[in-house]
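First comes the structure, then the notes that go with it.
The values are calculated or read from the model by the stated rules, or taken from the named source; none is laboratory data. This is a predicted model, so every value here is computed, not measured. So basically every Cβ, Gly included, is an ideal-geometry build from the backbone, and we count neighbours across all protein chains shown. Keep in mind that these areas ignore ligands, DNA and RNA; they rest on the heavy atoms of the full protein, side chains included. Shrake-Rupley method; radii C 1.70, N 1.55, O 1.52, S 1.80 Å.
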Amino acid sequence: MSKAGFVTAADVAKLAGVSRSAVSRTFTPDAYVSPAVREKVLRAADELGYRVNRLAKDLQTSRSSMVAIVGARFYEPYVAGLLDDLSAALIGKGLHALLLNASSQDMTALLNLVLEYRVRAVIVLSGAPPRELIDQCLRARQRMILINRHMEDVEAGSIETDDRMGGRLAAEHLLAAGRRKLCVVRSGADTPSQRRRAAGFLERLDEEGIACERWVAGRGNYEAGCEAARSLLRGSGPAIAPDIDGVFAATDRTALGFLNTARFEMGVSVPQDVAVIGFDDIPEAAWSSHNLTTIRQSAPDVVAAVLTLLAEDDEDAGPRRVAIPVSLVERGTV
């Protein structure tokens, strides 16, 4: 065995005194090998520290154990939590995640990585990557699963949180609390998910004949909330009533930016002066310092849907859509 490089199956076969194929069968599920040979191989493998080369095995079987996850803004709490749950679930199924950051401007390099690895599937998170990359993957017959990336004309599996219903639930809760001077706030990123949530909110208010302000700006979700509070609550203070009495933020991070700026910078009381509802139910929403009322989209439900689609036969995997329900989480900001 060479002093440099990885231990190979040939090294194990030589030490165990068996053939190379016997080593391969030993580490292949359901393949036959006699108990005596198996014991020799496992003893030699343990002594040498041998591990199966999964990439090479994938090439032999023409069925990859790798799943690509393409997304952006991985620092966002909901995305980070989803990635944590999803990567753990993939490992539990004997699969492995290839994480690709679509924030890069070099889409050609990203596309090459996706196609050259010949992954079992590409999972595309909301808001990324550009449509062109999705189209090119599909032309290359690469199986895809889109999460909160609704595209009617795309032949791919799709998992969609009921964002529109979440917006309606937020509107109904603010109306039930007697709020009538309302505003919907979302960041300048203006992702499809954020637009659907805002649309559901506005639709419900329109049914009641209630006008609603709209605020779209800011480079990041939290920053958008801060900027919205400074703009919408300008001139407010302990003795001055703000012009709005209820806010629906399209993400929890935006809601938290609004909430903290309103309380600690603008001197506005929440929920007495302004009620605030977010969307996602990230862990920080439940902190006692925030106690944010929000709309919950369940990351475990999304992960379970991904595993269901991955388990389906490639030949039967058409453009099936899986809907993820949402629910209102009542806390202390309404």
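Looking at GLY167, is it under 26 Å from ASP273 (Cα atoms) and out of contact with any strand residue (DSSP E or B) (no Cβ under 9 Å at 6 or more places or on another chain)? Taking the combined requirement at face value, the residue does not satisfy it.
Only one entry in VAL274, VAL270 is more than 20 Å from ARG164 (Cα to Cα), open to solvent by 10 Å² or more (accessible area, probe 1.4 Å), in the same structural domain as HIS173 (by the TED database) and in contact (Cβ under 8 Å) with a residue 12 or more places away in the chain, namely VAL270. Across the range 206-225, the qualifying residues are those that are outside any strand (DSSP E or B), in contact with a helix residue (DSSP H, G or I) (Cβ under 7 Å, 6 or more places away or on another chain) and within 21 Å of VAL79 (Cα to Cα), and the one among them that is most open to solvent (accessible area, probe 1.4 Å) is GLU223. Got a number for residues in the range 138-164 being open to solvent by 50 Å² or more (accessible area, probe 1.4 Å) and either in the same structural domain as ALA255 (by the TED database) or of a type in the set (D, E, K, R) (or both)? Qualifying residue count, the range 138-164: 7. Across the range 64-76, not a single residue is classified as part of a helix (DSSP H, G or I), of a type outside the set (Asp, Glu), surrounded by 12 or more Cβ atoms within 10 Å (Cβ to Cβ) and at pLDDT 90 or above. Considering the conditions (1) at pLDDT 90 or above; (2) surrounded by fewer than 18 Cβ atoms within 10 Å (Cβ to Cβ); (3) part of a loop (DSSP other than H, G, I, E, B), SER104 is excluded by exactly one of them, (1). Within the range 172-192, being in a loop (DSSP other than H, G, I, E, B) and in contact (Cβ under 8 Å) with a residue 60 or more places away in the chain holds for ALA177, ARG179, ARG180, LYS181, ALA189, THR191. Looking at the range 234-249, is at least one residue at pLDDT 95 or above, closer than 20 Å to ASP162 by Cα, in a helix (DSSP H, G or I) and of a type in the set (Gly, Ala, Ser)? No, there is no match, as no residue in the range 234-249 is at pLDDT 95 or above, closer than 20 Å to ASP162 by Cα, in a helix (DSSP H, G or I) and of a type in the set (Gly, Ala, Ser). Just one of the numbered conditions (1) buried (at least 21 other Cβ atoms within 10 Å of the Cβ); (2) within 14 Å of the chain's Cα centre (by Cα) is not true of VAL114: (2). For ALA56, the conditions (1) more than 25 Å from ASP135 (Cα to Cα); (2) of a type outside the set (D, E, K, R); (3) at pLDDT 80 or above all hold with the exception of (3). Filtering the range 188-205 for residues that are at pLDDT 95 or above and open to solvent by 70 Å² or more (accessible area, probe 1.4 Å) leaves a non-empty set. Within the range 283-298, restricting attention to residues that are open to solvent by 10 Å² or more (accessible area, probe 1.4 Å) and of a type outside the set (S, T, N, Q), the residue that is nearest to SER327 (Cα to Cα) is ARG296. Within the range 249-267, the set of residues being surrounded by fewer than 24 Cβ atoms within 10 Å (Cβ to Cβ), among the hydrophobic types (A, V, I, L, M, F, W, C) and in contact with a helix residue (DSSP H, G or I) (Cβ under 9 Å, 6 or more places away or on another chain) comprises MET266 only. Open to solvent by less than 50 Å² (accessible area, probe 1.4 Å) and of a type in the set (Gly, Ala, Ser): does that describe ALA323? Judged against the criteria, ALA323 is not a match. Of note, ARG120 does not satisfy the criterion of being farther than 26 Å from GLN297 by Cβ and at pLDDT 75 or above.
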